[in-house]
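Trainee: Structure below; questions to follow.
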Amino acid sequence: MNQELIGSFIQERRKGKSLTQVDLSEKLGVSDRTVSKWERGVCLPDISLFKPLCNELDISLNELFNGKKDTKDPNEDGIVNYIKYQHKKNRFHILLSVLVSLVVIIFSILLIYFINNYNKIKIYRVFGESENFSYTNAMLITSNMKNIYYDGIIESSSDNINVNDITYMTLKCDDKIIEGGNYILNGIISEEYGYNEYFSEEILEKMDKWYIEITYKLNDKETTERINLTFENEMNNNNFINNKKQSISDNNNSKINYDEFVKIRENETENLIDYLKDNGFKEDKDYYTKVISKDSKFSVIIREWKSDSSIYYYKNDYKVTSDFTGLTHKFTSNDFKYSYYYEQDTDKIKCESGKCPDNMYEIAKEYVKIFNKEFDQVLTKSAKRSIEE
């Protein structure tokens, strides 16, 4: 149907009857603006006004819908066209309603999924150290389905204490026991979300108060030592889209496959051991130790790969922990009253806990000179930084 044609026809018949828009509107009980919309083809009259309008304009319904006078089609095409027009219009409205409903449903489902899952899965790497022990390779996974804790590896950093001397280990949070067992913790804690036997919301919110309590025998005397744990967030599911990473084997430009990568890493560790032996480090199980002065020494713990190995420097009243990147050095007092970090690449220092010494920067600079002199040939090249005298 042609609304503009019908509108022009209404205007033509109105004027033929010497009626103004106001006159016609008053007769039909509508506003003159409504009549104006009809005549401009903006819309059609309401179905209840068809017969009164035709009576005022002296036309038939068929003539109104065809937009012209004296239609002789016995099948009344105008009425048929109007019915088809209304049917098509109603079908469009139905389809539009269905599409809008589907969009609303899909959006609601996505919104519910987003609220329930966005940033709900978190993976933490857990580690820590004390005067005589280091704790590494632990992992905590939290989600709205399960919470899982993988026990880490405990190692002794003392010549006088062996891990076999440990009689009891406990994982605690703010003095509340999460896990405890004879000898070394070595397992997995898995708990459904909300069960709260191990991982209540309160415990998960206090990660800064988690620690490992170790009881061991030294000279037939039981001693208790505490390892404060650090949590480093490895992953959150807080990306809308995760790009697929290209694997080493898929990269046509790469000549290194995984097996070769492992072999290179193994060679790095073997070369490191040879370097230590050639430079005065004495082997003691998994440790390589070198006395620097009467009150200081280096101890290197060799792990599977060089990048995982650790360097310890022992002084009378403090200890330093470094790795073979040479980037960060952690200083800890032997009585655990303070700890601070020195970043060798940025020359920045930060007190982490306790009352750090006023001359901690001078201590750190002096240590880095000794460190670089001792390990210059095996530090990661990109991490080296010349230290001014």
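Values in this text are rule-based calculations from the coordinates and carry no lab data. All values reported here derive from a predicted model rather than from experimental measurement. Cβ sites come from the backbone with ideal geometry, for glycine too, and all protein chains shown count toward neighbours.
Trainee: Pairing rule first: another cysteine's C-beta must sit under 4.7 Å. Under that rule, which cysteines of the chain stay single?
Mentor: Cys43, Cys54, Cys173
Trainee: Please arrange Thr321, Thr167 by counting, for each residue, the other beta carbons lying within 10 Å of its beta carbon, fewest first. Mind showing how you got there, number by number?
Mentor: Working: Thr321 18, Thr167 13.
Starting with the residue having the fewest Cβ neighbours, the order is Thr167, Thr321.
Trainee: Structure shown: which of Lys176/Lys337; Lys209/Lys306; Lys209/Lys290 lie over 26 Å apart, alpha-carbon to alpha-carbon? Present the calculation step by step, with values, prior to reporting the outcome.
Mentor: On the way: Lys176/Lys337 23 Å; Lys209/Lys306 31 Å; Lys209/Lys290 35 Å.
Exceeds cut-off: Lys209/Lys306; Lys209/Lys290.
Trainee: How far, in nm, would the chain grow between Ser190 and Tyr113 when pulled straight, counting 0.36 nm per residue and subtracting the alpha carbon separation?
Mentor: Working: separation 77, 0.36 × 77 = 27.72 nm, distance 2.38 nm.
Length difference between fully extended and current span is 25.3 nm.
Trainee: In segment 317-341, which residues have a backbone nitrogen under 13 Å from the label point lying 7 Å from Lys373's Cα in the Cα-to-Cβ direction?
Mentor: none
Trainee: Just to be sure I understand: with springs between alpha-carbon atoms less than 10 Å apart, which residue in Tyr113, Tyr124, Tyr313 has the highest mean-square fluctuation in the Gaussian network model of the chain?
Mentor: Of Tyr113, Tyr124, Tyr313, the most mobile in the Gaussian network model is Tyr113.
Trainee: Rounded to the nearest 0.05, what FRET efficiency is calculated for Ser143 and Lys88 with R0 set to 51 Å and r the Cβ-Cβ distance?
Mentor: On the way: r = 52 Å, r/R0 = 1.01.
E between Ser143 and Lys88, to the nearest 0.05, is 0.50.
Trainee: Kindly put Cys351, Cys54 in sequence by how many other C-beta atoms sit within 10 Å of each C-beta, fewest to most. Could you put the intermediate results ahead of the total?
Mentor: On the way: Cys351 14, Cys54 17.
Starting with the residue having the fewest Cβ neighbours, the order is Cys351, Cys54.
Trainee: Taking the Cα centre as origin and putting +1 on Lys and Arg beta-carbons and -1 on Asp and Glu beta-carbons, what dipole magnitude results for the chain, to the nearest 20 debye?
Mentor: The dipole of the chain has a size of about 2080 debye.
Trainee: OK, next. Are there any trypsin sites (Lys or Arg not before Pro) in segment 274-303 that are in a DSSP loop and have at most 11 other Cβ atoms within 10 Å? List them by number.
Mentor: Working: sites: Lys277, Lys282, Lys285, Lys290, Lys294, Lys297, Arg303; in loops: Lys285, Lys294, Arg303.
Sparse-neighbourhood loop trypsin sites (Lys or Arg not before Pro): Lys285, Lys294.
Trainee: Apply 1/(1 + (r/R0)^6) to the Cβ-Cβ distance of Leu95 and Arg40, taking R0 = 25 Å, and write down the FRET efficiency to the nearest 0.05.
Mentor: Numbers: r = 27 Å, r/R0 = 1.10.
According to the calculation, E is roughly 0.35.
Trainee: Continuing with the same structure: Please list, by residue number, every one of the GluC sites (Glu not before Pro) in segment 256-332 that is coil in DSSP and has at most 15 other beta-carbon atoms within 10 Å.
Mentor: Numbers: sites: Glu260, Glu266, Glu268, Glu270, Glu283, Glu304; in loops: Glu304.
Of the GluC sites (Glu not before Pro), the ones in loops of segment 256-332 whose Cβ has at most 15 other Cβ atoms within 10 Å are Glu304.
Trainee: While we're here: Compare the Cα positions of Cys43, Tyr113, Phe331 along the charge dipole of the chain (+1 at Cβ of Lys, Arg; -1 at Cβ of Asp, Glu; about the Cα centre) and return the one farthest towards the positive end.
Mentor: Cys43
Trainee: Between (i) 19.4; (ii) 37.6; (iii) 29.0, which entry matches mean projected area of the Cα convex hull in nm² as derived from the coordinates of this structure?
Mentor: Looking at mean projected area of the Cα convex hull in nm² for this model, the match is (ii).
Trainee: Let's test the formula: R0 of 45 Å, r as the Cβ-Cβ distance of Ile264 and Val103. What FRET efficiency results, to the nearest 0.05?
Mentor: Values: r = 53 Å, r/R0 = 1.19.
Computed FRET efficiency for Ile264 and Val103 comes out at 0.25.
Trainee: Enumerate the amide H contacts of Glu352 below 5 Å, restricted to partners 5 or more residues apart or on another chain; note that Pro and chain-start residues carry no placed amide H.
Mentor: Ser339, Tyr340, Tyr341
Trainee: Moving on to the next point. Under a plain spin-label model, where a point goes 7 Å from the Cα along Cα-to-Cβ, how far apart in nm are Phe336 and Glu232?
Mentor: Those two pseudo-labels are separated by 2.2 nm.
Trainee: Choose one answer from Ser299, Ser353, Ser134: the residue with the largest mean-square fluctuation in a GNM of the chain with alpha-carbon springs under 10 Å.
Mentor: Ser353
Trainee: Then there is this: Would you mind ranking Thr34, Thr325 so that the residue whose beta carbon has the fewest other beta carbons within 10 Å leads the list?
Mentor: On the way: Thr34 19, Thr325 14.
So the ranking, lowest neighbour count to highest, is Thr325, Thr34.
Trainee: Related question: Could you size up the charge dipole of segment 278-389 around its Cα centre, putting +1 on the beta carbon of Lys and Arg and -1 on that of Asp and Glu, and report it in debye to the nearest 20? Walk me through the numbers on the way to the answer.
Mentor: Values: 20 positive and 21 negative charges, 18 e Å.
Dipole magnitude for segment 278-389 comes out near 80 debye.
Trainee: If you build a Gaussian network model of the chain, linking Cα atoms that sit under 10 Å apart, which residue out of Asp308, Asp220, Asp345 swings the most?
Mentor: Judging by the Gaussian network model, the answer is Asp220.
Trainee: In percent, what relative contact order does the chain have, based on Cα pairs under 8 Å that are 6 or more apart in sequence? Could the numbers behind the result be given before it?
Mentor: Values: 572 pairs, mean separation 30.1, N = 389.
RCO, the chain: 8 percent.
Trainee: How far apart, in nm, are the 7 Å Cα→Cβ label points at Lys209 and Ile47?
Mentor: Computed distance between label sites Lys209 and Ile47 equals 7.2 nm.
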